[in-house]
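Below: the structure, in structure tokens.
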Amino acid sequence: MAYIIDGKKISKEIKDELKEKVAVFKAQGKAACLAVIQVGEDPASSVYVNNKKKACEYIGIDSLSVQFPPNVTEAELLGKIEELNRDEKVNGILVQLPLPKHIDEDKVIKTIMPEKDVDGFHPQSVGALSIGQKGFVSCTPAGVIELLERSGIEIEGKECVVMGRSNIVGKPMAMLLLRENGTVTITHSKTANIKEITKRADILVVAVGKPKMVDSSYVKEGAVVIDVGIHRDQNNKLCGDVDYADVEPHVQAITPVPGGVGPMTIAMLMKNCVSSME
Ligand code: NAP
């Protein structure tokens with residue numbers, strides 16, 4: 001039986017540690033504030049935004065909501081970000097993605113000052129990670145590292161394979177595993193003989209965005225499998241990029257969906273907000 005990596009429990013531990021830290025800051029008269037900007041009322045985005053607000057409340061971080069209609073102009077949105085950049089009370093700025101097509105996401109991300117870029121998407125944050133300097137790290141891959149470390153899974157010297165090369169998951173994930181002294185390979189949709197590569201992995205991180213794509217034929221016996229994917233199957237049940245029922249009997253440890261990587265993303269966002277305050 002595989003060890004089930006409990007993201008719900010680990011994310012709660014992290015949030016409780018942050019809550020204690022914030023209480024100490026508050027006693028010294030300091031406060032943290034996360035500004036969350038949402039454009040339009042996409043139901044999925046609203047759920048994410050609400051979950052972020054709830055996590056802030058739990059930890060003791062103030063949250064400032066900025067809601068724009070879907071037809072807001074790019075100039076208005078950028079103007080608001082610049083105002084929040086200047087606001088000394090605001091430690092972190094987050095713009096809920098995706099944005100409507102008429103707004104250039106890259107421009108929006110670049111406008112957030114790197115010191116308040118708690119999502120870790122700014123080119124300066126990404127560059128800092130690549131060259132081993134301090135900066136905010138994208139929350140989902142940072143959460144995967146915490147899951148591994150807090151489950152006692154060593155990364156150093158391990159053969160790590162990351163399936164997926166997106167800017168928010170795959171690429172920063174690979175950089176973080178490298179920073180932890182893993183030997184890292186990235187695969188993508190054009191990779192030839194992909195199973196030959198994934199079957200070498202001691203640690204396989206799957207972020208392909210394809211429901212249940214990765215079955216046991218991709219996985220080495222005794223590997224650790226981290227499933228970043230999140231989807232609804234035909235029965236409206238949550239599932240990941242990994243075919244959990246097929247893979248679980250063959251591995252040493254695995255993350256479930258839900259309750260694996262998902263809860264870690266918000267916990268790491270909160271961690272970034274607290275570091276920003278520090
Ligand atoms: P994405 O931008 O769609 O990237 C998917 C990556 O997988 C791409 O690099 C793509 O290759 C690669 N890929 C697609 N099909 C493949 C195949 N058949 N074989 C090998 N590689 C393949 O997705 P993402 O934003 O990284 O997200 C990945 C998954 O994680 C999604 O299910 C998403 O919902 C989930 N997610 C979860 C969280 C969380 O908090 N749990 C956060 C973010 C994302 P190419 O580059 O060649 O196209």
>> I need a count of the residues in segment 44-61 that are more than 23 Å from Ile109 (Cβ to Cβ) and either at pLDDT below 95 or assigned to a strand (DSSP E or B) (or both).
In response: 0
> Applying the selection to segment 168-185, what residues are within 15 Å of the ligand (Cβ to nearest atom) and open to solvent by 70 Å² or more (accessible area, probe 1.4 Å)?
Replying inline: Ile168, Lys171
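So is Leu94 surrounded by 15 or more Cβ atoms within 10 Å (Cβ to Cβ), within 16 Å of the chain's Cα centre (by Cα), of a type outside the set (S, T, N, Q) and in the same structural domain as Val251 (by TED's automatic domain parsing) or not?
Numbers: surrounded by 15 or more Cβ atoms within 10 Å (Cβ to Cβ): yes; within 16 Å of the chain's Cα centre (by Cα): yes; of a type outside the set (S, T, N, Q): yes; in the same structural domain as Val251 (by TED's automatic domain parsing): no.
The answer is no for Leu94.
Does Gly132 fit the bill of being among the small types (Gly, Ala, Ser), closer than 30 Å to Asn181 by Cα, touching a helix residue (DSSP H, G or I) at 6+ places or on another chain (Cβ under 8 Å) and surrounded by fewer than 13 Cβ atoms within 10 Å (Cβ to Cβ)? Spell out how you get there, then give the answer.
On the way: among the small types (Gly, Ala, Ser): yes; closer than 30 Å to Asn181 by Cα: yes; touching a helix residue (DSSP H, G or I) at 6+ places or on another chain (Cβ under 8 Å): yes; surrounded by fewer than 13 Cβ atoms within 10 Å (Cβ to Cβ): yes.
Taking the combined requirement at face value, the residue satisfies it.
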> Of the numbered conditions (1) outside any loop (DSSP other than H, G, I, E, B); (2) touching a helix residue (DSSP H, G or I) at 6+ places or on another chain (Cβ under 7 Å), Val137 satisfies every one except a single condition; which is it?
Replying inline: (1)
>> Just the residues that are more than 16 Å from Gly182 (Cβ to Cβ), more than 8 Å from the ligand (Cβ to nearest atom) and not in a strand (DSSP E or B), please, taken from segment 212-229.
In response: Lys212, Asp215, Ser216, Ser217, Tyr218, Val219, Glu221, Gly222
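In segment 19-37, which residues are open to solvent by 10 Å² or more (accessible area, probe 1.4 Å) and within 22 Å of the chain's Cα centre (by Cα)? Reasoning before the result, please.
Just the residues of segment 19-37 that are open to solvent by 10 Å² or more (accessible area, probe 1.4 Å), to begin with: 19-21, 23-31, 33.
Across segment 19-37, the qualifying residues are Lys19, Lys21, Cys33.
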> If you check Val161 against the conditions, is it open to solvent by less than 30 Å² (accessible area, probe 1.4 Å) and more than 16 Å from the ligand (Cβ to nearest atom)?
Replying inline: no
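Here are Gly92, Gly157, Gly132: which of them is out of contact with any strand residue (DSSP E or B) (no Cβ under 9 Å at 6 or more places or on another chain), touching a residue at least 12 places away in the same chain (Cβ under 8 Å) and of a type outside the set (A, V, I, L, M)? Full working, then the answer.
Working: Gly92 fails: out of contact with any strand residue (DSSP E or B) (no Cβ under 9 Å at 6 or more places or on another chain); Gly157 fails: out of contact with any strand residue (DSSP E or B) (no Cβ under 9 Å at 6 or more places or on another chain).
Being out of contact with any strand residue (DSSP E or B) (no Cβ under 9 Å at 6 or more places or on another chain), touching a residue at least 12 places away in the same chain (Cβ under 8 Å) and of a type outside the set (A, V, I, L, M) holds for just one of Gly92, Gly157, Gly132, which is Gly132.
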> Do we find that Ala207 is closer than 21 Å to Ile5 by Cα and within 8 Å of the ligand (Cβ to nearest atom) in this structure?
Replying inline: yes
>> Name the residue that is nearest to the chain's Cα centre (by Cα), counting only residues in segment 1-18 that are assigned to a helix (DSSP H, G or I) and among the acidic types (Asp, Glu).
In response: Glu13
> Would segment 142-149 turn up any residue that is open to solvent by 70 Å² or more (accessible area, probe 1.4 Å), within 24 Å of Ala75 (Cβ to Cβ) and more than 16 Å from the ligand (Cβ to nearest atom)?
Replying inline: no
> Any idea which of Lys271, Lys190, Lys220 is modelled with pLDDT of 95 or more and surrounded by 20 or more Cβ atoms within 10 Å (Cβ to Cβ)?
Replying inline: Lys271
> Cβ-Cβ below 8 Å, separation at least six or inter-chain, first residue in segment 32-59 and of a type in the set (Lys, Arg), second part of a helix (DSSP H, G or I): which pairs?
Replying inline: Lys52/Ile266; Lys52/Leu269
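So, Ala201, is that one assigned to a loop (DSSP other than H, G, I, E, B) and crowded, with 23+ Cβ neighbours inside 10 Å or not? Break it down stepwise before answering.
On the way: assigned to a loop (DSSP other than H, G, I, E, B): yes; crowded, with 23+ Cβ neighbours inside 10 Å: yes.
It is true that Ala201 is assigned to a loop (DSSP other than H, G, I, E, B) and crowded, with 23+ Cβ neighbours inside 10 Å.
Select from segment 234-249 the residues that are in a loop (DSSP other than H, G, I, E, B) and surrounded by 21 or more Cβ atoms within 10 Å (Cβ to Cβ) and list them in ascending order. If you could, list the steps in order and put the result at the bottom.
Narrowing segment 234-249 to residues in a loop (DSSP other than H, G, I, E, B): 234-237, 240-241, 243.
Hits for segment 234-249 are Gly240, Asp241.
Taking the condition of being away from the ligand (no atom under 16 Å from the Cβ), of a type in the set (A, V, I, L, M) and in a helix (DSSP H, G or I), how many residues in segment 251-278 meet it?
Start the filter on segment 251-278 by keeping residues that are away from the ligand (no atom under 16 Å from the Cβ), which leaves 251-253, 273-278.
If we keep only those that are of a type in the set (A, V, I, L, M) too, we end up with 251, 253, 274, 277.
Subset that is in a helix (DSSP H, G or I): 274, 277.
Looking only at that region, the number is 2.
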> in contact (Cβ under 8 Å) with a residue 12 or more places away in the chain, crowded, with 21+ Cβ neighbours inside 10 Å, touching a strand residue (DSSP E or B) at 6+ places or on another chain (Cβ under 9 Å) and in a helix (DSSP H, G or I), is that true of Leu99?
Replying inline: no
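The values are calculated or read from the model by the stated rules, or taken from the named source; none is laboratory data. Keep in mind that what you see is a predicted model, and the values were worked out from it rather than measured. No Cβ is skipped: glycine too gets one built from the backbone with ideal geometry, and neighbour counts run over all protein chains shown. Surface accessibility is based on the protein's heavy atoms, side chains included, excluding ligands, DNA and RNA. Shrake-Rupley method; radii C 1.70, N 1.55, O 1.52, S 1.80 Å.
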